[in-house]
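This report refers to the structure that appears directly beneath it.
The values are calculated or read from the model by the stated rules, or taken from the named source; none is laboratory data. All values reported here derive from a predicted model rather than from experimental measurement. Don't worry about glycine lacking a Cβ; one is built from the backbone with ideal geometry, like all the others, and counts go over all protein chains shown. The protein model used for the area step is the full one, side chains on, heavy atoms only, and it has no ligands, DNA or RNA in it. Shrake-Rupley method; radii C 1.70, N 1.55, O 1.52, S 1.80 Å.
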Amino acid sequence: MNLNIRDKFNKALPADPIKDNYRRQVSEACFSYATPKQTAKPEMLHVSDDMLESLGLSEADAKSDSFLKVFTGNAILPNTKPYAMCYGGHQFGNWAGQLGDGRAINLFEIEQDNKNWALQLKGAGETPYSRTADGLAVLRSSIREYLCSEAMFHLGVPTTRALSLALSGDQVLRDVMYDGNTAYEKGAIVCRTAESFLRFGNYQIFAARQDEEHLKQLVDYTIKHHFPDIGEPSKVSYIEFFKQVTQRTLEMIIHWQRVGFVHGVMNTDNMSILGLTIDYGPYGWLEGYEYGWTPNTTDRQNKRYRYGNQPNMGLWNLIQLANAIYPLIGDAAPLEAILNQYKSDFESGSLNMMRSKLGLEITDEKDQILIQELEDNLHLTETDMTIFFRNLANFEKETPSKGLEVIHDAFYKPDEVTGNIETRWITWFENYSERLQKEACSDNERKGKMNVVNPKCVLRNYMAQLAIDDADKGNYHLIDELFQMLKKPYDEQPEYQKWFAKRPDWARHKVGCSMLSCSS
């Protein structure tokens, strides 16, 4: 196994001087060295062929004993020093102080094809940041992260990636719903990858401790290695850094809204400085189109991180980042201007995104009204988001009367589409037909354009749960089936037609399908 290792983070930045691995507050350091836990009987379940190629590895490498040992934490490559990162964060709007990599251990960084990759094990044991936890992960949450991060990449959503999914061979005690019902589950480890795993919280922790020296050191490092076009450190470059982080965050969230993804835990420690979707915990995909839906049981009452509020939460988190780096700039005005621009950019970006989902290329002053009426209609009765937009591509502008027939399969309760609901849909299709008359493309051309932004398949929670249920019984075939299907989410893939379906009734209230905790 030949990797082009080029460690930067743990060589350029200050380390925790304490080498012993025990829970503690870590100050004046960006990370602590941490050694992965030896596991009982590791077994590799799945490896991403895409990531293998990106990292310069082969299928033979993936089947080797060294690959198994390294990516389950049972062997450390020569001249590498695994570590856990120190960061803080706001959790559900409240400052939580030091958090850090509690169950993630960074192995090393590599350079391949002029790109940097940090490789990290999730579930490989305790670190100084584990607090009261054990630093381990279970199979169900590991399957969810492994499948979803790769699925998001193929959907075109900025995301961290996953290289491998493995069993540790150990049993891990977990309380799935935090209700006192603990049980042992299969332990698992995911190797996840990204250009960097830096989060908003990495900067916040230094700001909260008024440690401007290390804050500056980390921001300078970030600009040098991840935003090199910005130039040398200065007040101007710090402002530009914040501007680019804001733009990337906005782009990521608009993609989430486009495909119906709900992160579930948009705490500042779960926000990537590179605008990547990071930390796949209690995420979910919209089944019925609903602004107010959140998959997170912890957030069930306040619904802070609900689908319709994700853009606002992105802004709130960016405000916290602005507060963190303000000491390096000393002037609030340029930061406020960037934050204000986020608001207007989201409005225009969201409008353009919805235009693309509807197959509209030219701009029309009435588009906002058309889109708002559509979103209102989608809330009238439970309507599957993915199926609705995918089937809408089959609409023919000359026959608006057949609009309801085209989207019929998207309704969970089609018997409710009568009276006022039916009338409003008929009116909308007439307006949509009239609007399409202004477009130059044919119905068939529009369908092609709509089908590259409206996926046919997404990783619905019930799909992941079926794979988890099978895996608990020792059957891992469904992991690969879903993995292969999700690599081509915009293609028709008739061999996977059974997955192009509404959430089954049994999954409506099932744990893991409609409700997930932060341990999920």
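Which of the residues that make up segment 462-482 are in a helix (DSSP H, G or I) and either among the polar types (S, T, N, Q) or open to solvent by less than 10 Å² (accessible area, probe 1.4 Å) (or both)?
Step one: filter segment 462-482 for residues in a helix (DSSP H, G or I), giving 462-472, 477-482.
Listed by number, the residues that qualify are Met463, Ala464, Gln465, Ala467, Ile468, Ala471, Ile479, Leu482.
Looking at His154, His225, His214, can you tell me which residue is over 25 Å from Tyr87 (Cβ atoms) and in a helix (DSSP H, G or I)?
Working: His225 fails: over 25 Å from Tyr87 (Cβ atoms); His214 fails: over 25 Å from Tyr87 (Cβ atoms).
Result: His154 is the single residue among His154, His225, His214 that is over 25 Å from Tyr87 (Cβ atoms) and in a helix (DSSP H, G or I).
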Tally of residues being open to solvent by 50 Å² or more (accessible area, probe 1.4 Å), part of a strand (DSSP E or B) and of a type in the set (Ser, Thr, Tyr) across segment 158-192: 2
Which count do you get for residues in segment 86-107 that are in contact (Cβ under 8 Å) with a residue 40 or more places away in the chain, open to solvent by 10 Å² or more (accessible area, probe 1.4 Å) and not in a loop (DSSP other than H, G, I, E, B)? 6
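In segment 304-315, which residues are in contact (Cβ under 8 Å) with a residue 40 or more places away in the chain and part of a helix (DSSP H, G or I)? Show your work before the answer.
Going through segment 304-315, the residues in contact (Cβ under 8 Å) with a residue 40 or more places away in the chain turn out to be 304-307, 310-311, 313-314.
Passing the criteria: Tyr307, Gln310, Pro311, Met313, Gly314.
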Restricting to segment 116-146, name every residue that is open to solvent by less than 10 Å² (accessible area, probe 1.4 Å) and of a type in the set (Phe, Trp, Tyr). Tyr129, Tyr146
Filter pass, Ser64 being more than 30 Å from Leu215 (Cβ to Cβ), surrounded by 21 or more Cβ atoms within 10 Å (Cβ to Cβ) and modelled with pLDDT of 95 or more: no
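Only one of Asp469, Asp415 is closer than 16 Å to His379 by Cα and either touching a Cys at 6+ places or on another chain (Cβ under 8 Å) or free of Cβ contacts under 8 Å to residues at least 40 places away in the same chain (or both). Can you tell me which? Outline the logic, then answer.
On the way: Asp469 fails: closer than 16 Å to His379 by Cα.
Among Asp469, Asp415, only Asp415 is closer than 16 Å to His379 by Cα and either touching a Cys at 6+ places or on another chain (Cβ under 8 Å) or free of Cβ contacts under 8 Å to residues at least 40 places away in the same chain (or both).
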Index of the failed condition, Tyr496 passing every other in (1) modelled with pLDDT under 95; (2) among the hydroxyl-bearing types (Ser, Thr, Tyr); (3) assigned to a helix (DSSP H, G or I): (1)
Within the group Tyr146, Tyr87, which residue is in contact with a Gly (Cβ under 6 Å, 6 or more places away or on another chain) and within 29 Å of Trp316 (Cα to Cα)? Tyr87
When the residues of segment 4-58 are filtered to those that are farther than 19 Å from Leu198 by Cα, more than 27 Å from the chain's Cα centre (by Cα) and among the aliphatic types (A, V, I, L, M), which remaining residue is surrounded by the most Cβ atoms within 10 Å (Cβ to Cβ)? Ile18
Only one residue in Thr294, Thr298, Thr249 is crowded, with 21+ Cβ neighbours inside 10 Å, out of contact with any helix residue (DSSP H, G or I) (no Cβ under 6 Å at 6 or more places or on another chain) and of a type in the set (Val, Ile, Thr), so which one is that? Thr294
Single residue of Leu321, Leu315 found to be within 21 Å of Ala194 (Cα to Cα) and either open to solvent by less than 20 Å² (accessible area, probe 1.4 Å) or aliphatic (A, V, I, L, M) (or both): Leu321
Failed item, numbered, when Arg131 is tested on (1) modelled with pLDDT of 95 or more; (2) basic (Lys, Arg); (3) closer than 29 Å to Glu185 by Cβ: (1)
Flag for Gln217 being among the polar types (S, T, N, Q), open to solvent by 30 Å² or more (accessible area, probe 1.4 Å) and farther than 21 Å from Pro334 by Cα: yes
Could we say that Tyr289 is more than 29 Å from Glu240 (Cα to Cα), more than 14 Å from the chain's Cα centre (by Cα), buried (at least 20 other Cβ atoms within 10 Å of the Cβ) and aromatic (Phe, Trp, Tyr) here? yes
List every residue pair whose Cβ atoms lie under 8 Å apart, where the two residues are 6 or more positions apart in sequence or sit on different chains, the first residue falls within segment 146-163 and is more than 17 Å from Cys457 (Cβ to Cβ), and the second residue, located anywhere, is among the basic types (Lys, Arg) and surrounded by 24 or more Cβ atoms within 10 Å (Cβ to Cβ). Thr160/Arg192; Arg161/Arg192; Ala162/Arg192; Leu163/Arg192
Hey, any hits in segment 493-513 for a residue that's within 19 Å of Tyr412 (Cα to Cα), open to solvent by less than 40 Å² (accessible area, probe 1.4 Å) and among the basic types (Lys, Arg)? yes
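Take the conditions under 18 Å from Met385 (Cβ atoms) and either open to solvent by 10 Å² or more (accessible area, probe 1.4 Å) or free of Cβ contacts under 8 Å to residues at least 60 places away in the same chain (or both) and apply them to Gly264. Does it pass? So that I can check it myself, show each step before the final result.
Working: under 18 Å from Met385 (Cβ atoms): yes; either open to solvent by 10 Å² or more (accessible area, probe 1.4 Å) or free of Cβ contacts under 8 Å to residues at least 60 places away in the same chain (or both): no.
No.
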From (1) touching a helix residue (DSSP H, G or I) at 6+ places or on another chain (Cβ under 6 Å); (2) of a type in the set (Asp, Glu); (3) surrounded by 15 or more Cβ atoms within 10 Å (Cβ to Cβ), pick out the condition that doesn't hold for Glu430. (3)
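Can you tell me which residue within segment 228-250, out of those that are in a loop (DSSP other than H, G, I, E, B) and of a type outside the set (D, E, K, R), is farthest from Ala162 (Cα to Cα)?
Filtering segment 228-250 for residues in a loop (DSSP other than H, G, I, E, B) gives 231-234.
Adding the requirement that they be of a type outside the set (D, E, K, R) leaves 231, 233-234.
Values: Gly231: 31, Pro233: 33, Ser234: 35 Å.
Residue satisfying both the conditions and the ranking: Ser234.
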How do the pairs read when you match residues in segment 338-361 that are crowded, with 19+ Cβ neighbours inside 10 Å with residues anywhere that are not in a helix (DSSP H, G or I), using Cβ under 6 Å and keeping only pairs 6 or more apart or on different chains? Lys357/Val453; Lys357/Asn454
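So, in segment 433-450, how many residues would count as being closer than 14 Å to Asp364 by Cβ and surrounded by fewer than 16 Cβ atoms within 10 Å (Cβ to Cβ)?
The initial filter retains those residues of segment 433-450 that are closer than 14 Å to Asp364 by Cβ, namely 433-440.
Then keep just the ones that are surrounded by fewer than 16 Cβ atoms within 10 Å (Cβ to Cβ); that gives 434, 437-438, 440.
Looking only at that region, the number is 4.
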